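Working notes, structure below.
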Amino acid sequence: MNNSINKGWCKEQMRTMIHRSIVILLTAILFIPSGCTNPGGKTDTEEAPGPVVIYHEDFADGKGVTTQSGGAKLEQVTGKYFEGNEDGGALYVSNRKDNWDAADFNFADIGLKNGKTYIATVTGYVDTDVDVPSDAQAYLQMVDSYAWLDGANFKAGKAFTLSKKFIVDTSKNRALRVQSNDNGASVPFYIGDILITEEPGDNEPEQPRPTAKDFTTITFEDQTTGGFVGRSGSEKLTISNEANHTENGSYALKVEGRTETWHGPSLRVEKYVDKGSEYKVSAWIKLIEPASSQIQLSSQIGDGGSANYVTLAPKTINTSNDWVQFEGTYRYNSDGDEYLTIYIESSNNATASFYIDDISFVKISGPIHVQSDLTSMKDVYQNDFLIGSAISMEDLDGKRFDLLTELFNVATAGNAMKPDALQREKGKFTFDAADILVNKVLAAGMKMHGHVLVWHQQSPSWMNTTRDANRNTIPLSRDEALKNMQTHIKTVVEHFGDKVISWDVVNEAMNDNPSNPSDWKNALRKSPWYQAIGEDYIEQAFLAARKAVDDNKLDIKLYYNDYNDDNPNKAEAIYQMVKELNDNYAKTHPGKLLIDGVGMQGHYSVNTNPASVEASLEKFISLGVEISITELDIRQEATISFPTIWAMPKGCYMQSYLTSIKHTLITSNVLRSGDWMTVRAGDLRQIHCCLIRICRPSQPTMASLIQINSSKSISLGRRKSIKQQRNMLLL
């Protein structure tokens with residue numbers, strides 16, 4: 001179509017749009033364009049708040065800028081009326097034999113720019129006389145990464161709609177494609193309309209939220225659940241008079257039917273929250289069974305892959321106890337896109353049942369001022385380490401983001417890059433949340449570490465298990481599980497490419513304190529991946545990641561990451577595994593490593609002996625690999641007091657750990673990359689999440705002590721027990 005569009009044409013186009021389907025009407029009329037000078041497409045001329053129409057083609061006058069993919073034949077037709085296509089103009093996509101026989105819309109042709117966020121909406125149709133195979137679908141996806149955006153069923157005589165928000169990354173993709181899945185490879189179809197709008201800019205002022213409502217303590221005396229629902233929907237929540245904590249009361253909420261550790265009662269609380277304020281959350285809990293279980297009161301900020309999970313109060317309780325109070329505080333610096341919950345779970349027992357009563361949610365302080373006159377951690381360690389933070393979407397704006405960019409130069413995603421966030425359903429990769437996070441980190445001048453490709457937790461069950469005829473969960477066949485793992489690794493590594501500097505390829509594959517650590521294969525955790533593929537699944541995972549890295553000429557380091565590495569037996573088992581796999585790889589790839597580094601999760605307490613940490617560091621360094629000090633948090637038990645020097649008014653000190661780690665790594669002349677470090681100091685709670693990375697060997701020229709701002713109000717991290725760090729938010 002000619003780029004010059006006169007006023008009369010624009011008026012006619014507006015009349016045409018008014019008669020479109022609800023989908024196009026809501027999208028196009030509400031998202032009024034800024035002009036009608038787009039190359040090859042049609043736009044409106046009036047302006048209004050909201051997204052702007054970037055490209056719009058209704059095929060009334062031709063094929064526009066659409067290009068052919070594969071052997072497809074593209075033909076502009078008229079008189080093809082269907083829901084969403086009242087003008088009759090359409091693009092007929094025929095002569096299809098493969099799923100990629102399709103229609104492409106190149107970014108450059110339709111005016112899409114790198115790094116921008118857009119929404120694409122496509123309406124289509126299949127003729128009534130077409131023989132449509134079972135499960136045949138239309139797909140909207142990227143070219144060349146083949147990242148899946150949306151799908152809809154092909155049905156003879158029925159219209160379909162594809163719609164998805166996406167971010168343009170011209171280093172990975174050059175076009176959008178409307179195609180099909182394998183089952184629909186032979187189905188001819190029409191495209192009646194394609195509309196692409198741009199999201200509003202990030203600099204638009206944030207709309208004020210309603211003033212928080214007052215929270216009334218939930219006692220269950222009205223014999224309702226008080227708004228609590230099961231997190232999975234399979235839990236059984238009932239009002240019971242079998243137990244009660246409320247003074248002069250009779251009822252409590254009984255929680256049964258849990259089958260996963262994260263199952264439990266959950267309550268939405270966003271309407272009670274003033275953004276930036278700190279809240280004290282309290283719940284009384286009584287254990288039913290088993291005889292003893294760890295129970296924790298937690299909070300969720302946001303939903304989906306961008307969610308952040310915070311443990312407020314973890315305790316191990318017994319049935320011999322009466323009611324036990326769980327109490328913790330959290331500052332809600334984000335409203336989680338209006339999704340905030342408090343919930344109760346059990347990190348070590350999937351089937352524990354319990355009563356809850358007298359739930360309170362009380363504001364204890366308002367928004368805070370961040371102290372900005374302290375020396376930045378990244379500057380203190382600029383010649384030795386990269387310092388960074390584990391982050392979620394709630395860290396990407398406001399004071400949290402200001403603090404993040406001021407103190408750190410590396411970040412890693414808390415949850416957004418884990419398998420269940422990126423590919424919850426087989427073949428449907430959802431990179432939106434991770435892309436937003438990664439792109440903002442890179443735009444701020446920071447680096448990104450990827451976590452994680454293969455893990456026995458936070459991975460969808462379809463990857464390595466299935467069900468037998470009796471609906472019992474059983475391991476998937478080796479071939480299918482291996483293919484699932486390899487496909488996930490290849491797709492994810494290629495999608496993010498050189499936007500990351502390193503990946504945790506495999507996480508936590510080794511059992512704790514194995515009795516015969518020299519036999520590392522028998523020391524492996526018998527996870528679903530192990531049961532489906534076998535003891536070589538770790539090697540297969542690294543081989544897949546190495547191939548993706550080498551094939552795409554990426555400068556990325558590949559890590560094995562695990563906790564309790566200061567335990568000599570576990571450290572020995574990890575050492576033997578890395579040595580054997582690297583030695584085997586070197587036989588066919590002289591001078592090359594399969595595993596570039598070992599990530600040592602530093603879940604320590606003030607009772608941990610730094611000498612044990614140093615011994616494990618020396619062991620791994622002897623392998624000739626990089627060493628990561630990952631997830632470093634130093635926990636103080638309630639009955640222990642820090643030395644006076646660690647409790648000064650403006651800071652706390654990590655002298656023993658940082659001095660030992662820094663000395664060992666630097667004097668051993670090793671490079672390292674890492675994940676995140678947290679520090680706890682008495683009632684200061686968690687102070688920072690930080691990522692440590694040695695960029696190059698250097699002499700120990702900096703001070704042996706590092707002062708960190710101790711205001712609990714600027715914590716970037718999560719106040720978690722060591723157990724919870726391992727089980728849920730481990731990076």
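Placing unit charges on C-beta atoms (Lys and Arg positive, Asp and Glu negative, everything else neutral), compute the dipole magnitude of segment 285-441 about its Cα centre in debye, rounded to 20. If you can, show how the numbers build up before the last one.
Working: 12 positive and 22 negative charges, 57 e Å.
Charge dipole, segment 285-441, about its Cα centre: 280 debye, nearest 20.
Give the shape of segment 231-330 as rounded, prolate or oblate, defined through the alpha-carbon gyration tensor: a ≥ b ≥ c are the square roots of its eigenvalues, a/c under 1.5 means rounded, and otherwise the shape is prolate if a/b is larger than b/c and oblate if not. Note, shape of segment 231-330 comes out prolate.
When segment 56-152 is described by a simple charge dipole with +1 on each Lys and Arg Cβ and -1 on each Asp and Glu Cβ, the residue from Gly111, Tyr125, Ser94 located farthest towards its positive end is Gly111. Our estimate of slack between Glu618 and Thr225, defined as 0.36 nm per intervening residue step minus the Cα-Cα distance, is 136.0 nm.
Between Tyr81 and Asp131, what FRET efficiency follows from the Cβ-Cβ distance if R0 is 30 Å, with the result rounded to 0.05? Provide the component values of the computation, followed by the final result.
On the way: r = 22 Å, r/R0 = 0.74.
Calculated value: 0.85.
The ellipsoid that matches the Cα gyration tensor of segment 130-248 has semi-axes, each √(5λ) in whole angstrom, of 47, 25, 13, with the longest given first. Expressed to the nearest 5 percent, the antiparallel share of DSSP beta bridges inside segment 392-515 is 35 percent.
Which shape class, rounded, prolate or oblate, goes with segment 327-472 when its Cα gyration tensor gives a ≥ b ≥ c as root eigenvalues, a/c under 1.5 marks rounded, and past that a/b bigger than b/c marks prolate? Since a/c reaches 1.5 but b/c is at least a/b, the shape of segment 327-472 is classed as oblate. Projecting the Cα atoms of Ile194, Ser180, Leu162 onto the charge dipole of segment 149-199 (Cβ charges, centred on the Cα centre) puts Ser180 farthest toward the positive pole. Determine the distance separating the Cα centre of segment 594-631 from the Cα centre of segment 97-136; give it in Å without decimals. Cα centroid of segment 594-631 versus Cα centroid of segment 97-136: 49 Å apart.
Going by accessible area, probe 1.4 Å, with all protein chains left in place, what is the ranking of Asp435, Asp551, largest first? Could you put the intermediate results ahead of the total?
Details: Asp435 20, Asp551 95 Å².
The most accessible residue leads, giving Asp551, Asp435.
By the Cα gyration tensor, segment 549-621 has an equivalent ellipsoid whose semi-axes, rounded to whole angstrom, run 28, 14, 8 from largest to smallest.
With +1 assigned to the C-beta of every Lys and Arg and -1 to the C-beta of every Asp and Glu, and no other charges, what is the dipole magnitude of segment 484-632 about the Cα centre in debye, to the nearest 20?
Values: 14 positive and 23 negative charges, 73 e Å.
In debye, rounded to 20, segment 484-632 gives about 340.
Taking the square roots of five times each eigenvalue of the Cα gyration tensor of segment 459-560, the equivalent ellipsoid has semi-axes of 26, 20, 10 Å, listed largest first.
In straight-distance terms, cross-link reach from Lys155 covers every one of the lysines whose alpha-carbon lies under 20 Å from its own, apart from those fewer than eight places away in the same chain; here that gives Lys80, Lys97.
Report the charge-dipole magnitude of segment 160-296 in Debye, nearest 20, computed about the Cα centre from +1 at each Lys and Arg Cβ and -1 at each Asp and Glu Cβ. Don't jump to the answer; show the numbers that get you there.
Numbers: 16 positive and 20 negative charges, 64 e Å.
The dipole magnitude comes to about 300 debye.
Given a cut-off of 32 Å, name the pairs among Lys63/Lys113; Lys165/Lys236; Lys483/Lys587; Lys275/Lys315; Lys418/Lys619 whose C-alpha atoms lie farther apart than that in the structure shown.
Lys165/Lys236
The values are calculated or read from the model by the stated rules, or taken from the named source; none is laboratory data. Keep in mind that what you see is a predicted model, and the values were worked out from it rather than measured. Reconstructed Cβ throughout: ideal geometry from the backbone, glycine too, with neighbour counts over all protein chains shown. Each accessible area value is taken on the protein alone, full model and side chains, heavy atoms only, with ligands, DNA and RNA left out. Shrake-Rupley method; radii C 1.70, N 1.55, O 1.52, S 1.80 Å.
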